[in-house]
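Where a number appears in this text, it was derived from the coordinates with a stated rule and is not lab data. This one's a predicted model, so the numbers in the text were calculated from it and none came from an experiment. Don't worry about glycine lacking a Cβ; one is built from the backbone with ideal geometry, like all the others, and counts go over all protein chains shown.
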Amino acid sequence: MGAAAIDLLYWRNVKQSGAVFSSVLLLLFSLTQFSVVSVGAYLALAALSATISFRIYKSVLQAVQKTDEGHPFKAYLEIEIALSQDQISKYADKILLYTNTCMKELRRLFLVQDLVDSLKFAVLMWLLTYVGALFNGLTLLILAVVSMFTLPVVYEKHQAQIDQYVGLIRTQVNSVVGKIQAKIPGAKRKEE
């Protein structure tokens with residue numbers, strides 16, 4: 001993750017983080033009420049209204065003051081926005097690597113290469129059926145965004161206490177997993 005993204009999530013610049021957080025939340029809450037097409041169309045109309053109004057305002061101002069400043073968005077119109085072949089190749093390679101890794105891991109889990117890992121995956125999928133019954137995908141996305149902007153700051157402020165409790169939980173989970181692995185025939189304990 002880039003330094004700019006980390007600065008956003010840790011609220012290093014409160015105004016910038018607040019603007020991004022509120023914009024993303026507003027977009028997600030809009031999507032709960034309207035279709036993606038409607039939200040996209042309204043956002044495009046709002047942007048067009050702002051740019052057209054600004055362009056007309058600057059044109060009238062130039063006519064009244066009899067100046068020749070030119071197009072108000074000239075600097076932005078001259079910026080090159082095309083993706084290079086190298087950039088496309090880089091992102092395509094990353095997507096390909098991620099897709100292949102996911103496919104290999106899913107094959108390993110579904111074909112029960114390691115019984116304990118496949119059982120953990122089955123329990124996770126069973127738990128996700130309950131999560132899916134309680135929340136839709138958009139609600140989970142909203143919770144994820146809120147968590148991304150709050151949990152890093154909470155962890156940063158209370159790191160010692162959180163690490164202590166996570167250590168206790170990790171010890172208990174490892175103990176239970178060890179007992180389960182000892183009782184399941186064919187389950188091997190992974191070296192940590």
- Tilt of helix 14-33 relative to the longest C-alpha principal axis of the chain, in degrees (0 to 90, nearest 10)? 80 degrees
- Query: What list of ³J(HN,Hα) couplings, whole Hz, do you get for segment 165-170 from phi and the Karplus terms 6.51, -1.76, 1.60, once you set θ to phi - 60° and write x for glycine and proline?
  - Reply: 5, 5, x, 5, 5, 4
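Taking R0 as 30 Å, what's the FRET efficiency between residue 37 and residue 97 from their Cβ-Cβ distance, rounded to 0.05?
Values: r = 33 Å, r/R0 = 1.09.
It comes out at approximately 0.35.
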- Message: What number results when the radius of gyration of the chain, computed over Cα atoms, is divided by 2.2 N^0.38 Å?
- Response: 1.58
- Item | Cleavage-rule hits (chymotrypsin sites (Phe, Trp or Tyr not before Pro)) in segment 1-88: DSSP loop, at most 16 neighbouring Cβ within 10 angstrom | 10, 34, 73
- Note the full-extension length gain between residue 107 and residue 179 as 0.36 nm times their separation in residues minus their Cα-Cα distance, in nm to one decimal. 23.3 nm
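To the nearest 0.05, how large is the calculated FRET efficiency for residue 74 and residue 135 if R₀ is 41 Å and r is the Cβ-Cβ distance? List each step's numbers first, then the result.
Values: r = 47 Å, r/R0 = 1.15.
FRET efficiency, residue 74 to residue 135: 0.30.
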- Query: Over the chain, what relative contact order in percent results from Cα pairs under 8 Å that are six or more residues apart?
  - Reply: 35 percent
